[in-house]
Amino acid sequence: MWTIIKFKKENLNLLKEDLFKKLGTSPKIYIPKLKLQYIKKKKHFEKDFFILGDYLFCFHESFHNMEVITTLKYCKGLKYFINGFKDSQKEIQNFIFQCNKHENEDGYLKQSFFEFCTAKNFKFISGPFTDMIFKIVNVQKDKLKVLIGDIFATIKDKKNYLYRPI
């Protein structure tokens, strides 16, 4: 059964170790993430970004038993378990499936994960156009035609640029 956990980011490894010790077997942990690329003072930087902030999904067969959850409440690095996870198993599984479907070979989400429509404004969150606002004019297989201010631009190989609606 899947559960949702709020954790302390600096203690993620401690949490994984403590869960393993208390459960006896290794739980499956899933944290959807992005790799953000940006330029600062002419230097390129990359940063991992958890899209759910300090929440993660954790799967273990024994989570059906609420007594097990109660004993895990004092794990190192754990803030708390989200209530109602038993009723939301189908939604959790669908979300994880969608994330897995849109991951690259390194486990990071691709732009295809984010649904969009051409009428909205978007903001680049990686690449040379970081923090620029634009509208999508046309989407092709490997090109994205956008309007940045009054300038039309064609971005080739759109999978290397991440953007979000605003």
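The values are calculated or read from the model by the stated rules, or taken from the named source; none is laboratory data. Here the structure is a predicted model, which is why all the values come from computation and not from measurement. Ideal geometry is used to build each Cβ from the backbone, glycine not excepted, and the neighbour counts take in all protein chains shown. The area values use the complete protein model at the heavy-atom level, side chains included, leaving out ligands, DNA and RNA. Shrake-Rupley method; radii C 1.70, N 1.55, O 1.52, S 1.80 Å.
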Query raised in the report: Any chance region 55-66 includes a residue that's on the phi > 0 side of the Ramachandran plot, among the small types (Gly, Ala, Ser) and surrounded by 11 or more Cβ atoms within 10 Å (Cβ to Cβ)?
Result: no
Report summary line: The correct count of residues that are farther than 21 Å from Lys86 by Cα and either under 17 Å from the mean Cα position of the chain (by Cα) or in contact (Cβ under 8 Å) with a residue 60 or more places away in the chain (or both) in region 17-33 is 2
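Just give me the residues in region 126-166 being in a loop (DSSP other than H, G, I, E, B), free of Cβ contacts under 8 Å to residues at least 40 places away in the same chain and either of a type in the set (D, E, K, R) or over 18 Å from Phe45 (Cα atoms) (or both), in sequence order.
So in region 126-166, the residues in a loop (DSSP other than H, G, I, E, B) come out as 126-132, 140-142, 149-150, 157, 161-162, 166.
Now narrow it down to the ones that are free of Cβ contacts under 8 Å to residues at least 40 places away in the same chain: 129, 131-132, 140-142, 149-150, 157.
Within region 126-166, Asp131, Gln140, Lys141, Asp142, Gly149, Asp150, Asp157 qualify.
Within region 36-54, restricting attention to residues that are more than 22 Å from Leu15 (Cβ to Cβ) and in contact with a strand residue (DSSP E or B) (Cβ under 9 Å, 6 or more places away or on another chain), which residue is least open to solvent (accessible area, probe 1.4 Å)? Before you say what the answer is, go through the steps one by one.
Quick first cut of region 36-54, residues more than 22 Å from Leu15 (Cβ to Cβ) only: 36-46.
Narrowing the set further to residues that are in contact with a strand residue (DSSP E or B) (Cβ under 9 Å, 6 or more places away or on another chain) leaves 36-39, 44-46.
Details: Leu36: 32, Gln37: 75, Tyr38: 80, Ile39: 87, His44: 150, Phe45: 79, Glu46: 116 Å².
Among those that are more than 22 Å from Leu15 (Cβ to Cβ) and in contact with a strand residue (DSSP E or B) (Cβ under 9 Å, 6 or more places away or on another chain), it is Leu36.
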Query raised in the report: Are any residues in region 67-101 touching a helix residue (DSSP H, G or I) at 6+ places or on another chain (Cβ under 9 Å), under 16 Å from Lys33 (Cα atoms) and open to solvent by less than 30 Å² (accessible area, probe 1.4 Å), and if so, which ones?
Result: Cys99
